[in-house]
Amino acid sequence: MKQQYLTIETEGAVTVVTLAREDRRNAISEDMLMEIENVFRAPPRGTRCFVLSARGAHFCAGLDLREHYEKDRSPVEFMTMCQAWHRTFDLIQFSGIPVVAALKGAVVGGGLELAAAAHVRVAEESAFFALPEGQRGIFTGGGATVRVARIITPARMIDMMLSARTYDARRGLDLGLCHEVVGDGQALARAKMLAAQVASNPPTTNFAIVTGISRINDMSTTDGLFAEGLLAAAVQTNPDIRERLEAFFSKKTERLEPGTR
C-alpha cells in the first residue's frame, strides 16, 4: 500500500518507519494514523525489529489540532478516534516485534504517547518532552494516562499537563521517558545499531519480552509469577535456544562487560 505520510525501508531484519509530515512537525492526522496502523498490523516480511524515526527537526508534535478543529467532531466521533489511537499504539507495543524509537525535537502530546509505545527510546540532545493539553484546553486521548503515567508516575503527569512543564532530553532520561541520550543527528544511527542487535535475538525471546512484561505488570503478584513461569517455559524449552546455550557453554559468545552495549 502506498504511504503518503510515512516512508518504509527494510534493511535486513530491521524495518525503518519514518514519519514524513515534517511541514506539520509530524503531527498525526487520521490518515497518518491509519498508515501507522497498517504497517504495524502487517509488517514487511522478515521484520524482526522496527526503528521508528521522523523527518525534519521534530519527532512528533502530537494530534493534528488543525484537523481536529476543522472536523469539529462529536463526542462519539472523538471517542472512536481515541480508540483508533489506542488500537494503533497497542499494535506497536504488543505485536511481538520490538520497536526502537529515534527521538529529536518535539516529543509532545500524542508524539509522547507514540514514543511511549516503543520499547527502546534513543533521544538526541534536541529532544524535549511535554504534555501541553491543559494549556490547549484538551485532554490526552492516545494512551498517555496509561503509558506515560506509568513511566513518570501519575502525579508528575498531572503536573506536566497542568503547568505545561517541558523536560529536556537529560531530564527525560532521568525520568525514563528515554533510555539513552546521544548527540544531535545521531539518534537514527544509534537506533539502527540497537535494532540490529535486538533483531539478532531469538524471535521467541523478543516476543516474550515485549508482549509479556507490560502485561505482567498489570497483574496481581500471584498471577504475574504464574504468567512469568509460563513464558519462561515456552522460551527456555524452545529447541532454537539450545544452540545459543551451547555457544555460551563453549565460550563462543561475547562476554558482557560494563559499558559495552
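The values are calculated or read from the model by the stated rules, or taken from the named source; none is laboratory data. Bear in mind the structure is a predicted one, so any value in this text is a computation, not a measurement. We place every Cβ from the backbone using ideal geometry, glycine too, and count neighbours over all the protein chains shown.
The table below gives the values:
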| item | result |
| --- | --- |
| Every pair of residues 6+ apart whose Cβ atoms lie under 9 Å, when the first sits in segment 105-117 and is touching a residue at least 40 places away in the same chain (Cβ under 8 Å) and under 14 Å from Arg55 (Cα atoms) while the second is among the aromatic types (Phe, Trp, Tyr) and surrounded by fewer than 24 Cβ atoms within 10 Å (Cβ to Cβ) | Gly105/Phe128; Ala106/Phe128; Val107/Phe128 |
| Residues of segment 1-26 that turn out to be more than 24 Å from Arg190 (Cα to Cα) and free of Cβ contacts under 8 Å to residues at least 40 places away in the same chain, as a count | 5 |
| Matching helices (runs of 4 or more DSSP H) fully within segment 1-109 where at least 2 residues are at pLDDT below 95 and not β-branched (Val, Ile, Thr) | 65-71, 75-94 |
| Cross-chain or 6+ apart pairs with Cβ under 7 Å, segment 167-191 first and in the same structural domain as Glu11 (by TED's automatic domain parsing), then among the hydroxyl-bearing types (Ser, Thr, Tyr) and surrounded by 16 or more Cβ atoms within 10 Å (Cβ to Cβ) | Leu175/Tyr167; Leu177/Tyr167; Asp184/Ser126; Leu188/Ser53; Ala191/Ser53 |
| The lone exception for Gly172 - which of (1) within 24 Å of Gly12 (Cα to Cα); (2) surrounded by 22 or more Cβ atoms within 10 Å (Cβ to Cβ); (3) of a type outside the set (A, V, I, L, M, F, W, C) it fails | (1) |
| Single residue of segment 190-209 satisfying the filter (among the aliphatic types (A, V, I, L, M) and surrounded by 17 or more Cβ atoms within 10 Å (Cβ to Cβ)) that is nearest to Pro239 (Cα to Cα) | Ala208 |
| Every residue from segment 1-29 that is among the charged types (D, E, K, R) and in contact with an Asp or Glu (Cβ under 7 Å, 6 or more places away or on another chain) | Arg24 |
| Residue check, Val16 among the aliphatic types (A, V, I, L, M), assigned by TED's automatic domain parsing to the domain that holds Ala189 and under 18 Å from the mean Cα position of the chain (by Cα) | yes |
| Matching option when the condition is out of contact with any Pro (no Cβ under 6 Å at 6 or more places or on another chain) and at positive phi, among Gly183, Gly176, Gly172 | Gly176 |
| Among (1) buried (at least 16 other Cβ atoms within 10 Å of the Cβ); (2) over 20 Å from Phe89 (Cα atoms); (3) not aromatic (Phe, Trp, Tyr) - the single one Thr166 does not satisfy | (1) |
| Unmet criterion (only one of (1) in contact with a Cys (Cβ under 8 Å, 6 or more places away or on another chain); (2) on the phi > 0 side of the Ramachandran plot) for Val108 | (2) |
